Amino acid sequence: MATGQLFSKNTQALFYNYKQLPIQRMLDFDFLCGRETPSVAGIINPGAEGFQKLFFGQEEIAIPVHSSIEAACEAHPTADVFINFASFRSAAASSLSALKQPTIRVIAIIAEGVPESDTKQLIAYARENNKVVIGPATVGGIQAGAFKIGDTAGTIDNIVQCKLYRPGSVGFVSKSGGMSNELYSTIARVTDGIYEGIAIGGDVFPGSTLSDHILRLENIPQVKMMVVLGELGGKDEYSLVEALKEGRIKKPVVAWVSGTCARLFKSEVQFGHAGAKSGGELESAQGKNEALRDAGAIVPTSYEALETVIKETFAKLVEEGKITPVTEVKPPSIPEDLSTAIKSGKIRAPTHIISTISDDRGEEPTYAGVPMSTIVERGYGVGDVISLLWFKRSLPRYCTKFIEICIMLCADHGPCVSGAHNTIVTARAGKDLVSSLVSGLLTIGPRFGGAIDDAARYFKDAVDRGLTPYEFVESMKKKGIRVPGIGHRIKRGDNRDKRVELLQEYAHTHFPSQKHMDYAVQVETYTLSKANNLVLNVDGAIGSLFLDLLAGSGMFNKQEIDEIVEIGYLNGLFVLARAIGLIGHTFDQKRLKQPLYRHPWEDVLYTK
């Protein structure tokens, strides 16, 4: 492996398996370092294409999304780092595919638990083709002031505190990603900071070893000293011991192997990483520390003394003139995300939507403040849900039962009415359910199904003004307005609409008052004296009875009742109910596999 620096300010990466937070952290680091171009050139999400919006400083940018590794590499030939956030199940296959791309030079595998046989195959392929694998089970790596992988070094606050926005003089290699953050902070306190840091990962077989990276750092002129953090288990540290003994490493190496506490346990202990398991004295932390010390590394007596040793080593290099401490620069401020700023109380921002009927922010959704579990446990029906979502209160059971009756009675009225006809024609044209449903719903209006609100509005106005049925009907006639809720194409005075009779029977049994229905019946008596088809229809029945429901329940004041009628609540009942039938007609035509509908010529009057 050897060679030298892995990353620079011009390095760009392809990010596999989209994760918003680590990508945004990379872009924020780019901005902090003064990069001119984002370090993420493209995102690979198998089966998906398009763009993902993210921030580069204050500017919102669109990063291309590709469906395959091959397509991404072809679109971004200068992107030579592959950051793999795939799960342990697919990490090996996707990594091998990336390694086979001629443009990819470095791969970071984040997942833990990649099968060891797969990892060995990746290592062999990478070595044969002179490529670098970091991981598996790694947080990644960082080139201070230039480039970082995913979540390396954590938050922007931590990066600033560790002075990683500009290069220092220390090279750092660790097995542990979590301990890397701790050491970045430690090194920043007592030196001029990190030049490059790598976490090789905690699995038994890392894609690249501690000595691989130390030997590489040896070849980077800007790196004046190295810090190594190993851990018990395995024999990786001994390759570093051999390199030190052979004199291949000239720069000072401060090293510590964690896990000395393992000797306190009576039996073998498995620590957090798969590779952190002592297999005898040779693999113990004490054995490794002693071997490193004997080979010439600077090894403290304990982890607590590590900071002091790093400080002394750095100070000696400064004194010898081998290091000129970096001049501090103030990094730019990263714009804070709106959600974060609001949460911290730094700003206030207006909302864009107001909702008073439901809330999904808690442990379970609520309808008008009533938890979903309560709705189910108390056996609420559709009428109860409508009362909560439409009227924002729990209406008495006789009211919600009436709502359900209205829905049942208005669900369908055969295939010949305009709404059902439109839906049937659309379904037979091969359109989908939503298109077929909407084509039928769009016919609902003043001439079909939309008279409930008007019936309620006019009946209420007449009752409030004390008009007699004669005065009401004649005044409507003078205005040229048909009385809404009166009249039917089929039903007659001697053949009443059964739906109207059912609604009247329910109201007589359960409603405390039927003032508006009584008035509607008086209007019907007068209109029937003029024509036998001017009967009270279902629109008029629902409209008048809903007025009685609102007034008789005692739960609405006059202003609320006026608003309900004006907004169009009652027509909403018809829309909701008829949607059931229109969906049924759609399924019926699909099930029957009916062909495209064409209206017969003989049913058309062709005229000039």
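When the stretch 281-328 is limited to residues that are acidic (D, E) and over 48 Å from the mean Cα position of the chain (by Cα), the one that is most open to solvent (accessible area, probe 1.4 Å) turns out to be E319. For the stretch 329-362, which residues satisfy the criterion of being open to solvent by 90 Å² or more (accessible area, probe 1.4 Å) and closer than 30 Å to Q58 by Cα? Within the stretch 329-362, K330, S333, L338, K343, K346, R348, P350, T351, H352, I353, I354, R361 qualify.
Against the test of being in contact with a strand residue (DSSP E or B) (Cβ under 7 Å, 6 or more places away or on another chain), within 16 Å of V227 (Cβ to Cβ) and at pLDDT 95 or above, the options V385, V299 yield a single qualifying residue, V299.
Please work out if V269 is modelled with pLDDT of 95 or more and not hydroxyl-bearing (S, T, Y). In short, no. The condition of being among the polar types (S, T, N, Q) and either open to solvent by less than 30 Å² (accessible area, probe 1.4 Å) or assigned to a helix (DSSP H, G or I) (or both) holds for only one of S87, S95, that being S95. Taking (1) among the small types (G, A, S); (2) crowded, with 21+ Cβ neighbours inside 10 Å; (3) closer than 19 Å to I386 by Cβ in turn, G568 satisfies each apart from (2).
When the stretch 51-83 is filtered for residues that are surrounded by fewer than 16 Cβ atoms within 10 Å (Cβ to Cβ), of a type in the set (A, V, I, L, M) and under 23 Å from the mean Cα position of the chain (by Cα), the ones remaining, listed by number, are I61, A62.
Comparison of Y380, Y458, Y398 shows that the only residue that is closer than 25 Å to E501 by Cβ, out of contact with any helix residue (DSSP H, G or I) (no Cβ under 6 Å at 6 or more places or on another chain) and surrounded by 15 or more Cβ atoms within 10 Å (Cβ to Cβ) is Y458. Here L215 meets the list (1) part of a loop (DSSP other than H, G, I, E, B); (2) open to solvent by 10 Å² or more (accessible area, probe 1.4 Å); (3) over 27 Å from T37 (Cβ atoms) almost entirely, failing just condition (1). Anything in the stretch 461-503 that is open to solvent by less than 30 Å² (accessible area, probe 1.4 Å), of a type in the set (A, V, I, L, M) and outside any helix (DSSP H, G or I)? List them, or say none. Within the stretch 461-503, V483, I486 qualify. Candidates are the residues of the stretch 469-521 that are touching a residue at least 60 places away in the same chain (Cβ under 8 Å) and over 52 Å from the mean Cα position of the chain (by Cα); the one that is farthest from L570 (Cα to Cα) is Y519. Of the residues making up the stretch 431-458, those that are hydrophobic (A, V, I, L, M, F, W, C), part of a helix (DSSP H, G or I) and modelled with pLDDT under 95 are A451, I452, A455, A456.
The values are calculated or read from the model by the stated rules, or taken from the named source; none is laboratory data. From a predicted model like this one, the values you see are computed outputs, not experimental measurements. With ideal geometry, Cβ positions are generated from the backbone for all residues, glycine too; neighbour counts draw on all protein chains shown. Side chains included, ligands, DNA and RNA excluded: accessible areas come from the protein's heavy atoms. Shrake-Rupley method; radii C 1.70, N 1.55, O 1.52, S 1.80 Å.
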